[in-house]
């Protein structure tokens, strides 16, 4: 039985994280009502969400919002900030219209020397404005993408979240999906490091299912290796493509 | 400021969100109020009434719903500083509202 304080101590010694790193887009609210105001704050990072450890997020190659089929770049409106102790980006986005606004980030490929691989996590999250959920199942056409089958907001803790993993527009049979909780309070405990990142597989149609045990933000990352390698100092290296979606589950009300 | 104003206005009306219920969104453009009303199914209410109410809950005026989905009328004078509530009743218990805050109105007054 291993408890988090021990894991944390080991981490401090430089043992390396047990969790996965995730591209992250975390909005201040994903169901914005008219009483909440007229904008949403967005925090972009590259982090270990369970352990609360930030990594450097370089300026993304793309950051967009998609609403009613129209995609607009927000790249110029990002400003640098610090998230989980590391450089990230933030902005406040005015919600001018009702409906689902999908925010998506394409980071620059990240060189991970420990794994001898380049990593690109195509990351997105869905925000419903003013009680209107139209567009909740929007597919953005990213290189790799989790297309939601469950509404990616308005979920109770304990509900399942289902999605289809796609790569180049096609479902990925038996895709591996890593699931991790964003421990914003820093108080989650695990009986084993195996519980920090849970791994599930999609079925033959690329459909995966996960029931979140607790309220809060959960990240789903479906990982594939790009058919084409990337070059580093003249040598071919694998390029890991991640389809990441951030989904919030709500505490059951009384 | 805005939150406080909305909270007071919102208490005046209770509109629960249920299946196939009405969804109302309003904005101001060129001093005209645009009221969009649709059921959650996407269908448009064919009949019904819009009540414009001041920040004390007093009715200012009424308009019939435009069956095309967007009802437009001039912003009533003298209410820009305090905001108005747009109440839409499409009958059979299908009602919803949108609070046009002073900020919402300022954004659309004499704008593009």
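The values are calculated or read from the model by the stated rules, or taken from the named source; none is laboratory data. None of the values given here were measured: they were computed from a predicted structure. Note that we place each Cβ from the backbone using ideal geometry, even for glycine, and neighbour counts take in every protein chain shown.
Tell me, please, whether a residue that is within 14 Å of chain B (Cβ to nearest Cβ), crowded, with 22+ Cβ neighbours inside 10 Å and either in contact with a helix residue (DSSP H, G or I) (Cβ under 6 Å, 6 or more places away or on another chain) or at pLDDT 95 or above (or both) can be found in region A:119-131. Within region A:119-131, one or more residues are within 14 Å of chain B (Cβ to nearest Cβ), crowded, with 22+ Cβ neighbours inside 10 Å and either in contact with a helix residue (DSSP H, G or I) (Cβ under 6 Å, 6 or more places away or on another chain) or at pLDDT 95 or above (or both). Only one of the numbered conditions (1) part of a strand (DSSP E or B); (2) touching a helix residue (DSSP H, G or I) at 6+ places or on another chain (Cβ under 8 Å) is not met by residue A:190, and that is (1). Regarding residue B:57, is this residue within 13 Å of chain A (Cβ to nearest Cβ) and in contact with a helix residue (DSSP H, G or I) (Cβ under 6 Å, 6 or more places away or on another chain)? Here the answer is no, as residue B:57 does not meet what is asked. If the condition is being assigned to a loop (DSSP other than H, G, I, E, B) and away from chain A (no Cβ under 12 Å), then region B:92-106 contributes B:92, B:93, B:94. The residues listed here are A:99, A:163; of these, the one that is touching a residue at least 40 places away in the same chain (Cβ under 8 Å) and out of contact with any helix residue (DSSP H, G or I) (no Cβ under 9 Å at 6 or more places or on another chain) is A:163. Of the residues making up region A:57-70, those that are loosely packed, with under 14 Cβ neighbours inside 10 Å and either farther than 20 Å from residue B:25 by Cβ or in contact with a helix residue (DSSP H, G or I) (Cβ under 7 Å, 6 or more places away or on another chain) (or both) are A:58, A:59, A:61.
Scanning region A:23-61 for residues that are within 18 Å of residue A:127 (Cβ to Cβ), assigned to a strand (DSSP E or B) and away from chain B (no Cβ under 14 Å) yields A:23, A:24, A:25, A:26, A:27, A:40, A:41, A:42, A:43, A:44, A:45. Residue count for region A:163-184 under the criterion of being surrounded by fewer than 18 Cβ atoms within 10 Å (Cβ to Cβ) and under 16 Å from the mean Cα position of the chain (by Cα): the result is 2.
Residues in region B:23-50 that are within 12 Å of chain A (Cβ to nearest Cβ), farther than 13 Å from residue B:86 by Cα and in contact (Cβ under 8 Å) with a residue 40 or more places away in the chain: B:29, B:39.
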